[in-house]
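Structure record follows, encoded as structure tokens.
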Amino acid sequence: MVATVVTVRAVVSREPSACWRAFTDAALFGAWVPGLRTARVIQAGADGLPTEILFEFGASRTYSLVYDYDLAAREVRWHARSGKRDAVTGFARFDALDDGTSVTYGLEQNDGRVEEAEVETMLGAFVQWMQTSQRR
């Protein structure tokens with residue numbers, strides 16, 4: 001079965017570097033990821049970016065994701081390491097605009113579980129947090 005990717009885009013009136021730092025900092029995930037109980041870095045690269053994160057949602061939804069980064073393109077990709085039934089595969093990219101950042105966020109829909117509304121909710125939560133957060 002060929003997977004399709006549900007992709008949404010939004011504009012944030014913040015610099016791409018600020019968006020990138022916020023999106024790749026697991027310590028900040030609890031501030032904007034809906035329903036997240038904890039996000040714990042299991043492993044990080046020499047550059048300090050997490051290469052594996054354990055996520056816990058609610059009482060029983062737990063999975064870990066492995067991350068790969070393209071620093072030049074400001075793109076991050078992830079896929080499941082464990083808990084594959086509940087985990088998602090996806091990507092986020094941060095492109096500079098004259099007045100901020102275009103954020104492209106996508107999740108793979110290989111079994112029909114990912115809906116566009118879910119992807120929009122996740123990106124919307126990030127955008128709202130970035131617009132109201134005092135962190136630069």
Task: Spin-label pair residue 98/residue 72, simplified geometry with 7 Å Cα→Cβ offset, distance in nm - done: 2.8
- [ ] At 0.36 nm per residue, minus the direct Cα-Cα distance, what do residue 56 and residue 4 gain on full extension? Give it in nm, one decimal, please.
- [x] 16.2 nm
- [ ] Treat each spin label as a single point 7 Å out from the Cα along the C-beta direction, and report the residue 129 to residue 115 distance in nm.
- [x] 2.3
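Nearest 500 deg cm²/dmol is fine: what mean residue ellipticity at 222 nm does the chain get from its DSSP H runs of n ≥ 4 alone, each adding -39,500 (n - 2.57), divided by its residue count?
-6500 deg cm²/dmol
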Open item on the list: Skipping prolines and chain starts, which residues have an amide H placed within reach, meaning under 5 Å, of the one on residue 89, given they are 5 or more residues away or on another chain?
Closed with: 108
TODO: Please turn the phi angles of the stretch 8-13 into ³J(HN,Hα) values with the Karplus equation 6.51 cos²θ - 1.76 cosθ + 1.60 (θ = phi - 60°), one per residue in order, whole Hz, x for glycine and proline.
DONE: 10, 10, 8, 10, 10, 8
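FRET efficiency for residue 79 and residue 15, Cβ-Cβ distance as r, R0 = 25 Å, nearest 0.05? Each step should come with its number before you reach the end.
Numbers: r = 28 Å, r/R0 = 1.12.
Once rounded, the FRET efficiency stands at 0.35.
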Task: Largest-first principal axis extents of the Cα set of the chain (Å) - done: 40, 31, 28
Open item on the list: Skipping prolines and chain starts, which residues have an amide H placed within reach, meaning under 5 Å, of the one on residue 81, given they are 5 or more residues away or on another chain?
Closed with: 64, 65, 66
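Readers should treat all values here as calculations from the given coordinates under stated rules, not as data from a laboratory. Just so it is clear, the structure is predicted and the values come from calculations on it, not from any experiment. Using ideal geometry, Cβ is built from the backbone for each residue, glycine included, and neighbour counts are taken over all protein chains shown.
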